[in-house]
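Novice: Let me give you the structure first, and then I'll get to my questions.
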């Protein structure tokens with residue numbers, strides 16, 4: 001049994017590679033909900049949906065989010081009512097958010113509705129939100145606090161980052177199964193996701209870091225930083241704002257209390273002494289998942305590193 | 001100033017004809033909300049939307065409901081989650097329901113959101129829901145009580161009608177402006193809509209019948225029944241179930257306490273003695289609105305009858 005802590009696009013690609021090699025039911029994914037957003041009265045969980053859509057074969061590959069061949073007619077309609085349209089919700093995608101929102105309103109937990117969604121779409125791996133309580137990643141800039149989506153989508157990450165907070169984390173509980181999945185796994189993977197705003201919120205949920213420290217599983221991270229920059233997304237600026245070097249060593253430092261192994265890109269193999277300094281064993285691989293074959297090859301390298 | 005009591009398609013066509021002849025701002029429409037339905041957690045007001053979309057030039061002419069050139073991708077997506085898909089909500093149409101639902105949840109009244117929707121879509125006539133409180137038309141059949149949409153859309157009207165009720169009507173108040181619009185109009189039009197499930201719910205709101213009786217305005221109805229059958233929809237079966245003849249005279253009987261004039265189709269001119277018996281002055285016209293020209297011609301006949 002493998003448990004993975006996952007953000008969005010990069011995580012989803014690795015996991016798609018992984019389920020080509022192991023039984024999908026042997027994978028449990030713990031997903032980030034710090035990026036969740038309430039839009040048009042709907043509860044949107046972008047990272048959970050990216051993982052689900054990718055494993056279901058529905059993802060829009062070109063965009064890296066949303067459903068393939070989607071239309072945006074409802075979004076166009078919302079513009080007429082003066083509603084926010086900077087966050088792109090497609091028409092097919094909307095069904096997921098409507099179903100989630102209605103289920104939550106009727107009293108279902110986010111865990112229960114996340115499970116119903118992945119099963120309805122034919123995903124055989126378990127997907128757990130990190131918490132059933134709201135935890136929201138907030139980024140303070142010179143103009144005030146932004147939600148992650150406001151920072152990343154609306155402002156396109158082009159603002160100064162003064163502070164990052166995980167609002168609600170202190171009062172949140174890990175969702176049912178989260179701590180068990182870490183404790184009883186053969187291996188725990190930290191997907192190649194943003195350490196500050198994708199993995200960070202999961203680690204902020206009380207109990208998760210303790211479980212990672214105590215598990216007898218090998219804990220293996222894949223570096224989302226290659227050759228001094230994030231493969232995608234705003235991880236670089238966020239790590240720098242947190243005082244972390246934008247390098248695999250910076251990621252290793254963030255995870256050093258509980259990390260055993262880190263997969264780094266071939267271009268970064270010179271950094272292995274720095275990883276060893278944090279007590280992390282380096283594994284060198286080709287980490288850029290530019291096509292399906294490379295996703296599977298990277299997943300194979302991970303499985304080999306786990307032995 | 002003209003005030004119109006309106007159901008869906010037939011009413012909307014007449015009103016579109018009317019605003020080609022009078023200043024749109026001189027028209028106030030009181031719309032039926034007895035057919036409103038909660039679907040996927042959304043508040044849908046089919047009759048209000050049909051009037052709004054028609055006056056905004058957005059209606060799907062072929063269907064008689066919904067938005068022109070709409071897609072149904074969200075609906076297809078909902079099927080995967082086992083959600084009800086017998087009521088067709090298009091993707092563009094969804095924006096209206098999302099905006100309405102979110103506004104109501106934030107505390108807006110149905111009146112306020114209906115006004116915001118028609119203004120956003122460029123409709124210059126006022127549109128008032130009959131009430132801000134829920135009134136729901138229910139139809140009892142051999143299998144139990146159905147909402148109007150379950151009866152008409154899901155069951156296609158093919159069930160025995162034992163009873164019709166306007167749930168919530170006793171406790172409802174007329175929406176702000178409704179009684180005034182009837183009292184202070186130059187004329188009140190009863191659109192060619194189903195007397196039982198389109199006009200009936202409006203009349204069931206306390207105060208509306210009183211205002212119709214007391215107004216000094218001419219009250220003129222257009223018969224939705226031509227040559228012994230409803231022009232569209234299930235009015236025939238519903239009138240029969242209420243013990244009303246399926247004829248203009250049956251409509252006149254239902255409205256006899258306060259109706260002054262009724263426009264009937266040329267094919268029914270033999271029925272004028274029956275109308276006179278109910279104290280209703282008959283006006284004969286071509287009432288089938290099969291194209292825009294005929295809509296305007298019928299509206300012109302109405303204005304001429306008002307003098």
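Any read-out appearing in this document is the output of simple, stated calculations on the displayed coordinates, not a laboratory observation. None of the values given here were measured: they were computed from a predicted structure. Cβ atoms come from the backbone with ideal geometry, glycine included; neighbour counts cover every protein chain shown.
Novice: Divide by every residue of chain A the summed helix terms, -39500 (n - 2.57) for each DSSP H run of at least 4, and state the resulting mean residue ellipticity at 222 nm, rounded to the nearest 500 deg cm²/dmol. Could the numbers behind the result be given before it?
Specialist: Numbers: 12 runs with 110 residues, N = 307.
Taken over chain A, the calculation gives -10000 deg cm²/dmol.
Novice: Using a Gaussian network model of chain A with C-alpha springs under 10 Å, which one of A:50, A:197, A:147 is most mobile by mean-square fluctuation?
Specialist: Greatest mean-square fluctuation among the candidates belongs to A:147.
Novice: Given the convex hull over the Cα atoms of region A:199-267, what projected area results after averaging over all orientations, in nm²? Display every interim value, and only then the final one.
Specialist: Details: hull surface 18.8 nm².
One quarter of the hull surface, i.e. the mean projection, equals 4.7 nm².
Novice: Students often check this: by mean Cβ neighbours within 10 Å, which of A:276-282, B:198-204, B:113-119 ranks highest, and how do the rest follow? Could the numbers behind the result be given before it?
Specialist: Values: A:276-282: 16.1, B:198-204: 25.6, B:113-119: 20.9.
Per-residue Cβ counts within 10 Å, averaged per peptide and sorted highest first, yield B:198-204, B:113-119, A:276-282.
Novice: Measure nothing but the geometry: give the 0 to 90° angle between the long axis through the Cα atoms of A:46-56 and the longest principal axis through the Cα atoms of chain A, rounded to 10°.
Specialist: The helix A:46-56 is inclined about 80 degrees to chain A.
Novice: What is the spin-label model distance, in nm, from residue B:256 to residue B:170 if the labels are put 7 Å beyond Cα along the C-beta direction?
Specialist: The two pseudo-label positions are separated by 2.7 nm.
Novice: Right, something else. Can you order the peptides A:58-65, B:294-301 by their average number of other Cβ atoms within 10 Å per residue, highest first? Mind showing how you got there, number by number?
Specialist: Values: A:58-65: 16.0, B:294-301: 18.6.
The densest-packed peptide leads the list: B:294-301, A:58-65.
Novice: Please work out the Cα center distance from region B:130-205 to region A:119-173, rounded to the nearest Å.
Specialist: 45
Novice: Just need the relative contact order of chain A here, percent rounded to a whole number, with Cα pairs under 8 Å and 6+ apart. Display every interim value, and only then the final one.
Specialist: Working: 620 pairs, mean separation 59.7, N = 307.
Once normalised by length, the contact order is 19 percent.
Novice: Also, quick follow-up: Could you list the square roots of 5 times each eigenvalue of the Cα gyration tensor of the protein assembly as shown, that is, the equivalent ellipsoid semi-axes, sorted largest first and rounded to whole Å?
Specialist: Numbers: eigenvalues 780, 96, 73 Å².
Value: 62, 22, 19 Å, ordered largest first.
Novice: Then there's this: Averaged over its residues, how many other protein chain Cβ atoms are within 10 Å of peptide A:95-105's Cβ atoms?
Specialist: On the way: counts 11, 5, 3, 13, 8, 1, 4, 8, 2, 1, 2.
Counting Cβ atoms of other protein chains within 10 Å of each residue's Cβ and averaging gives 5.
Novice: Further, regarding this structure: Given a Förster distance of 22 Å, report the FRET efficiency between residue B:141 and residue B:85 from their Cβ-Cβ distance, rounded to the nearest 0.05.
Specialist: Working: r = 22 Å, r/R0 = 0.99.
My answer for the efficiency is 0.50.
Novice: Please report the relative contact order for region A:144-280, taking Cα pairs under 8 Å with a sequence separation of at least 6, and give it as a percent rounded to a whole number. If you can, show how the numbers build up before the last one.
Specialist: Working: 187 pairs, mean separation 30.7, N = 137.
Relative contact order, region A:144-280: 22 percent.
Novice: Sticking with this structure for a sec: For region B:144-290, report the % of Cα-Cα distances exceeding 20 Å.
Specialist: Tail fraction, whole percent: 50.
Novice: Separate question: Could you work out which residue, out of B:194, B:88, B:32, moves most in a Gaussian network model of chain B, that is, has the largest mean-square fluctuation with Cα springs under 10 Å?
Specialist: The residue with the greatest mean-square fluctuation here is B:88.
Novice: If you don't mind, another one. Report the Stokes-Einstein translational diffusion coefficient (µm² s⁻¹, integer) for region B:38-89, Rh taken as the Kirkwood radius over Cα pairs, at 4 °C with viscosity 1.567 mPa s. Provide the component values of the computation, followed by the final result.
Specialist: Values: Rh = 12.0 Å.
D = 108 µm²/s.
Novice: For region B:89-158, what is the Kirkwood hydrodynamic radius in Å, using each pair of distinct C-alpha atoms? Walk me through the numbers on the way to the answer.
Specialist: Values: mean 1/r = 0.0705 Å⁻¹.
So the Kirkwood estimate lands at 14.2 Å.
Novice: Follow-up. Taking a point 7 angstrom from the Cα of residue B:124 along the C-beta vector, which residues in region B:18-34 have backbone N less than 14 Å away?
Specialist: B:18-28
Novice: How long is the gain from residue B:240 to residue B:63 if the chain were fully straight, where each residue apart is worth 0.36 nm and the alpha carbon distance is subtracted? Display every interim value, and only then the final one.
Specialist: Numbers: separation 177, 0.36 × 177 = 63.72 nm, distance 2.62 nm.
So the chain would gain 61.1 nm between residue B:240 and residue B:63.
Novice: What's the Cα-based Rg to Rh of region A:234-301, Rh via Kirkwood?
Specialist: Details: Rg = 12.6 Å, Rh = 12.7 Å.
Rounded to two decimals, Rg/Rh equals 1.00.
Novice: How much length is gained on full extension from residue A:184 to residue A:286, taking 0.36 nm per residue of separation minus their Cα-Cα distance?
Specialist: Between residue A:184 and residue A:286, full extension yields an extra 33.8 nm.
Novice: Residue by residue through B:120-132, how many Cβ atoms from other chains fall within 10 Å of the Cβ on average? Write out the running numbers ahead of the final one.
Specialist: Details: counts 6, 3, 1, 0, 0, 0, 0, 0, 0, 0, 0, 0, 0.
Per residue, the number of nearby Cβ atoms from other chains is 1 on average.
Novice: Here is a follow-up. I need the peptides B:150-163, A:171-184 ranked by packing, meaning the mean over residues of other C-beta atoms within 10 angstrom, with the highest value on top.
Specialist: Working: B:150-163: 15.4, A:171-184: 18.8.
The densest-packed peptide leads the list: A:171-184, B:150-163.
Novice: Relative to the other copies, what are the label-point distances for residue B:142, with labels 7 Å from Cα along the C-beta vector, expressed in nm at one decimal and sorted shortest first?
Specialist: Distances between equivalent label points, in nm: 7.6.
Novice: Here is a follow-up. Restricting to Cα pairs below 8 Å that are 6+ residues apart, what does the relative contact order work out to for region A:1-45? Please round to a whole percent. If you can, show how the numbers build up before the last one.
Specialist: Details: 35 pairs, mean separation 19.7, N = 45.
So the answer I get is 44 percent.
Novice: Between A and B, which A residue has the Cβ nearest their rotation axis, distance in Å?
Specialist: A:91, 2
Novice: Modelled label-to-label distance, residue A:76 and residue A:109, 7 Å Cα→beta-carbon offset: nm?
Specialist: 4.2
Novice: Moving on to the next point. Over the residues of region B:173-222, compute the C-alpha Rg and express it relative to 2.2 N^0.38 Å. Before the final figure, lay out the partial values.
Specialist: Details: Rg = 10.3 Å, N = 50, 2.2 N^0.38 = 9.7 Å.
Taking the Cα Rg and dividing by 2.2 N^0.38 Å, one obtains 1.06.
Novice: Hey, for residue B:227 with labels 7 Å out along Cα-Cβ, what do the inter-copy distances come to in nm, ordered shortest first?
Specialist: Copy-to-copy label distances for residue B:227: 7.8 nm.
Novice: Okay, moving on. What's the center-to-center distance, using Cα atoms, between region A:273-296 and region A:1-15 in Å?
Specialist: 14
Novice: For region B:87-208, what Kirkwood radius comes out of the mean inverse Cα-Cα distance, in Å? Show your work: numbers first, answer last.
Specialist: On the way: mean 1/r = 0.0617 Å⁻¹.
16.2 Å is the Kirkwood radius here.
Novice: Along Cα→Cβ at 7 Å, what distances in nm separate the residue A:116 label point from those on the other copies, shortest first?
Specialist: So the distances to the same position in the other copies read 2.8 nm.
Novice: Averaged across the residues of B:40-49, what count of C-beta atoms belonging to other chains lies within 10 Å of each residue's C-beta? It would help to have the intermediate numbers written out before the result.
Specialist: On the way: counts 6, 10, 4, 0, 0, 0, 0, 0, 0, 0.
If you average over the peptide's residues, the count of other-chain Cβ atoms is 2.
Novice: Calculate the spin-label point distance for residue B:266 paired with residue B:293, positioning each point 7 Å from the Cα along the beta-carbon direction, and give it in nanometres.
Specialist: Placing both labels 7 Å along Cα→Cβ, they lie 1.3 nm apart.
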